[in-house]
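Note sheet for the following structure.
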Amino acid sequence: MVALAVTIKAWGRELGFADVRITDVDLSQQEAGFEAWLAHGYHGEMDYMAAHGLKRARPAELVPGTIRSISVRMDYLPQDSDAAWRQREKNRLHPNASHSATVSLYARGRDYHKVLRSRLQQLADRIAAEIGPFGYRVFTDSAPVMEVALAQKAGLGWRGKHTLLLNREAGSLFFLGEMLTDIPLPTDAPVTAHCGQCSACIDVCPTKAIIAPYTLDARRCISYLTIELKGSIPLEFRSLIGNRVYGCDDCQLFCPWNKFAQPSTLNDFDVRNGLDNASLVTLFSWTEAQFNEGLQGSPIRRIGHERWLRNIAVGLGNTAAAGVNAVEIIAALQARADDPSALVREHVAWALEQHAV
């Protein structure tokens with residue numbers, strides 16, 4: 001088993017995973033905190049978080065026979081990133097750059113679900129070829145599994161105050177995946193936490209969604225508001241969203257550990273469709289067909305054209321506060337003032353009101 005574990009980790013690195021660790025699946029210590037988080041309603045409309053109850057903390061109930069998790073990390077910073085990438089990303093949030101759309105770094109390339117699942121399956125195939133049939137199931141943000149808790153226990157990093165996993169050599173710009181299995185592999189030890197007294201992620205959050213260290217109220221999080229929320233974005237948050245049209249990286253950009261973020265070894269996460277420097281007006285002009293075609297293979301596509309327009313309308317409204325030349329922006333908004341979607345019309349009307357002040 002020791003030799004097999006070493007071999008599995010080597011295969012994982014060959015398949016593009018930056019790190020591979022192994023843990024048992026006892027997450028009983030996570031159950032009380034998870035139940036309290038749900039009881040406070042911090043999951044918002046993410047009903048799937050509560051749908052499976054404590055099965056999230058009990059992997060063996062999800063995949064009978066499970067005794068181990070092979071947890072993996074895959075870096076997603078684009079390959080051509082240099083030492084100045086963080087400053088460039090911070091500049092995108094400056095009021096003078098508000099005519100440009102800001103898309104979360106992880107979503108500018110290929111859908112990570114497909115990349116990680118495919119490579120985890122290849123890893124499983126290699127194991128089966130070595131030892132014969134075995135029990136397993138692979139995941140990446142695709143089932144009721146407490147991925148961060150498993151990754152932390154496996155030693156891939158520690159949970160930061162923003163609730164994301166942090167690694168001393170790689171910051172937090174990576175995806176997590178796991179293979180739940182019945183192979184009794186030796187386990188790795190967790191690592192110690194290194195956030196100390198730092199509160200950068202808490203202080204910088206535009207909507208104050210990190211309500212306490214290690215506690216996120218998703219209902220306030222810009223990633224939730226622009227991706228998970230299906231209806232209207234609450235008025236109190238619209239001006240705080242700025243030009244962020246899909247997700248938010250602020251808590252990661254200002255985390256000191258991300259000066260160690262590692263570029264991906266794969267080209268899957270390189271920027272597509274110019275999403276690192278796209279005009280709000282241009283993106284707002286996309287028809288549904290253009291949206292579906294242009295974002296094929298992108299994680300953004302899952303929110304649909306309607307919510308895409310909703311988010312961009314808010315971004316266009318927020319250009320008013322930045323003093324951006326409004327002629328083109330107002331024209332773009334007015335062109336969708338009678339959009340078939342009531343959701344889009346509502347946010348366009350709000351955006352036009354900002355320019356009328």
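Summary of values
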{"item": "Residue check for Leu266: within 25 Å of Lys208 (Cα to Cα) and within 26 Å of the chain's Cα centre (by Cα)", "result": "no"}
{"item": "Residue count for the stretch 251-283, restricted to those that are closer than 15 Å to Gly315 by Cβ and touching a helix residue (DSSP H, G or I) at 6+ places or on another chain (Cβ under 6 Å)", "result": "3"}
{"item": "Checking Pro213 against (1) surrounded by 23 or more Cβ atoms within 10 Å (Cβ to Cβ); (2) in contact with a Lys or Arg (Cβ under 6 Å, 6 or more places away or on another chain); (3) over 20 Å from Met49 (Cα atoms), the condition it does not meet", "result": "(1)"}
{"item": "Pair list, Cβ < 7 Å and 6+ apart or interchain, from the stretch 179-197 residues that are within 17 Å of Val72 (Cβ to Cβ) to residues that are among the charged types (D, E, K, R) and outside any loop (DSSP other than H, G, I, E, B)", "result": "Leu180/Arg137; Thr181/Arg68; Ile183/Arg68; Leu185/Arg68; Thr187/Asp24; Asp188/Arg21; Pro190/Lys153"}
{"item": "The stretch 320-344, residues that are crowded, with 21+ Cβ neighbours inside 10 Å and within 18 Å of Leu225 (Cβ to Cβ)", "result": "Val344"}
{"item": "Exclusive hit being hydroxyl-bearing (Ser, Thr, Tyr) and in the same structural domain as Met49 (by TED's automatic domain parsing), set Ser142, Ser232, Ser223", "result": "Ser142"}
{"item": "Selection status of Gly196, surrounded by fewer than 17 Cβ atoms within 10 Å (Cβ to Cβ) and either within 23 Å of Phe254 (Cα to Cα) or in the same structural domain as Val25 (by TED's automatic domain parsing) (or both)", "result": "yes"}
{"item": "Residue under evaluation Ser279, criteria (1) surrounded by fewer than 18 Cβ atoms within 10 Å (Cβ to Cβ); (2) out of contact with any His (no Cβ under 8 Å at 6 or more places or on another chain), criterion not met", "result": "(2)"}
{"item": "Scan of the stretch 133-173 for residues that are at pLDDT 95 or above, in a strand (DSSP E or B) and out of contact with any Phe, Trp or Tyr (no Cβ under 6 Å at 6 or more places or on another chain), ordered by number", "result": "Tyr136, Arg137, Val138, Trp158, Arg159, Leu165, Asn167"}
{"item": "Within the stretch 1-114, strands (runs of 3 or more DSSP E) holding 2 or more residues that are basic (Lys, Arg)", "result": "68-75"}
{"item": "Count - residues of the stretch 12-42 that are in contact with a strand residue (DSSP E or B) (Cβ under 8 Å, 6 or more places away or on another chain) and within 16 Å of Met74 (Cβ to Cβ)", "result": "8"}
{"item": "Checking Arg119 against (1) assigned to a helix (DSSP H, G or I); (2) surrounded by fewer than 16 Cβ atoms within 10 Å (Cβ to Cβ), the condition it does not meet", "result": "(2)"}
{"item": "Residue that is farthest from Leu15 (Cα to Cα), among those in the stretch 53-105 that are touching a strand residue (DSSP E or B) at 6+ places or on another chain (Cβ under 7 Å) and among the hydroxyl-bearing types (Ser, Thr, Tyr)", "result": "Ser100"}
{"item": "Failed criterion for Gly247 (all others in (1) among the small types (Gly, Ala, Ser); (2) at pLDDT below 95; (3) on the phi > 0 side of the Ramachandran plot hold)", "result": "(2)"}
{"item": "Qualifying residue in the stretch 333-342 (condition: in a helix (DSSP H, G or I), more than 22 Å from the chain's Cα centre (by Cα) and not hydrophobic (A, V, I, L, M, F, W, C))", "result": "yes"}
{"item": "Qualifying positions in the stretch 245-293 - in contact (Cβ under 8 Å) with a residue 40 or more places away in the chain, farther than 16 Å from Glu169 by Cα, of a type outside the set (A, V, I, L, M, F, W, C) and assigned to a helix (DSSP H, G or I)", "result": "Asp250"}
{"item": "Residue match in the stretch 237-247 (condition: buried (at least 17 other Cβ atoms within 10 Å of the Cβ), basic (Lys, Arg) and under 27 Å from Ala84 (Cα atoms))", "result": "yes"}
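Residue-by-condition table, conditions (1) farther than 30 Å from Gln122 by Cβ; (2) assigned by TED's automatic domain parsing to the domain that holds Arg220; (3) in contact with a Lys or Arg (Cβ under 6 Å, 6 or more places away or on another chain):
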{"position": "Val20", "(1), (2), (3)": "no, no, yes"}
{"position": "Leu38", "(1), (2), (3)": "yes, no, no"}
{"position": "Gly41", "(1), (2), (3)": "yes, no, no"}
{"position": "Ala50", "(1), (2), (3)": "yes, no, no"}
{"position": "Arg68", "(1), (2), (3)": "no, no, no"}
{"position": "Val72", "(1), (2), (3)": "no, no, no"}
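The values are calculated or read from the model by the stated rules, or taken from the named source; none is laboratory data. Here the structure is a predicted model, which is why all the values come from computation and not from measurement. Positions of Cβ are generated from backbone atoms using ideal geometry, with glycine treated the same way; all protein chains shown enter the neighbour counts.
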